Each structure stands twice: as structure tokens, then as C-alpha cells.
Amino acid sequence: MEVFPSGPQPLTLLCLQPRRPVVPLFLISHLQKQLCRVSVHDDCIEAFNELRMSRKVKYVIYKISDDMKQIVVDEKSGEEDYEIFREKLASATDAKGNPAPRYATYDVEYDLGGGEGKR
């Protein structure tokens, strides 16, 4: 399975006529690099299925590997505190210490109301 990485979008300049975006030439090579495909590592699918089926894992955090070719599992945890999960996402850095994007799945528990219980 292959997916396109999400993240900051390149700057697009608009001309005066509506519906005609103009991309400056210096961004073309940047765009080509950004549109390369990455694959999803099998560990990501296993971690997601474990979260979905076992209730032992509360969240899974994913990242793009250092070689920029795969999405891999960064961390999975059974920690119940949502604020700890948010802090881990906000404090994520790459190998150079720069802020880095992360992808995540979180098992949210909610009340259905009307006495139907929780999901």
C-alpha cells in the first residue's frame, strides 16, 4: 500500500484571473521531491490492528523514516492520559532536533447517551 505524505503545502501564487494557480519555477523541483511516494511498513498495519482489536493500545504514533521511503511506527502506548499523547505529538523532532511531523491514531472512548453505554 502506498500513500502520499501529508505536511506543509508549498506556496502557491495566484494570478489575477480566478481558478488559475501559478507556481513559480523555483518551486517546481521542490514540488517534484514532495510528490514522491512512500510506502506503509507492515508494522504500521499490525499496530493499527492491535489498537483496533485488543484495547491494550490506546494510541499509535507514526513517522516517515529517516530515508524518507516508508511510514513506520514511532511509538505505541496504552497510556490513558490524552494530554501525554498530545505532548508526544507536539514535542516530536527529527534526527537533527528540528520539529517533525507525525501521524497518529487514537482510540477515543465516548458515551452514546440514552443509556446505551460507551464505545
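The values are calculated or read from the model by the stated rules, or taken from the named source; none is laboratory data. Remember, it's a predicted structure, so these values are computed and weren't measured experimentally. Cβ placement follows ideal geometry from the backbone for every residue including glycine, while neighbour counts extend to all protein chains displayed.
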For segment 76-86, which residues satisfy the criterion of being outside any strand (DSSP E or B) and either in contact (Cβ under 8 Å) with a residue 12 or more places away in the chain or more than 18 Å from residue 98 (Cα to Cα) (or both)? 78, 79, 80, 81, 82, 83, 84, 85
Does segment 42-62 include one or more residues that are outside any helix (DSSP H, G or I), in contact with a strand residue (DSSP E or B) (Cβ under 9 Å, 6 or more places away or on another chain), surrounded by 13 or more Cβ atoms within 10 Å (Cβ to Cβ) and among the acidic types (Asp, Glu)? no
Just checking, does segment 107-115 include any residue being closer than 25 Å to residue 40 by Cβ and touching a Lys or Arg at 6+ places or on another chain (Cβ under 7 Å)? yes
Of a type outside the set (Val, Ile, Thr) and in contact with a Phe, Trp or Tyr (Cβ under 9 Å, 6 or more places away or on another chain) - does that describe any residue in segment 66-75? yes
Output yes when any residue across segment 15-25 is under 14 Å from the mean Cα position of the chain (by Cα), modelled with pLDDT under 85 and part of a loop (DSSP other than H, G, I, E, B), and no when none is. no
The condition from (1) under 29 Å from residue 107 (Cα atoms); (2) modelled with pLDDT of 50 or more that residue 36 misses is numbered (1)
In this structure, does residue 73 turn out to be surrounded by 11 or more Cβ atoms within 10 Å (Cβ to Cβ), at pLDDT 85 or above and not in a loop (DSSP other than H, G, I, E, B)? yes
Tell me, which residue of segment 87-119 that is in a helix (DSSP H, G or I) and either exposed (fewer than 13 other Cβ atoms within 10 Å of the Cβ) or in contact with a helix residue (DSSP H, G or I) (Cβ under 6 Å, 6 or more places away or on another chain) (or both) is modelled with the highest pLDDT? 87
For segment 87-115, which positions are in contact (Cβ under 8 Å) with a residue 60 or more places away in the chain and polar (S, T, N, Q)? none
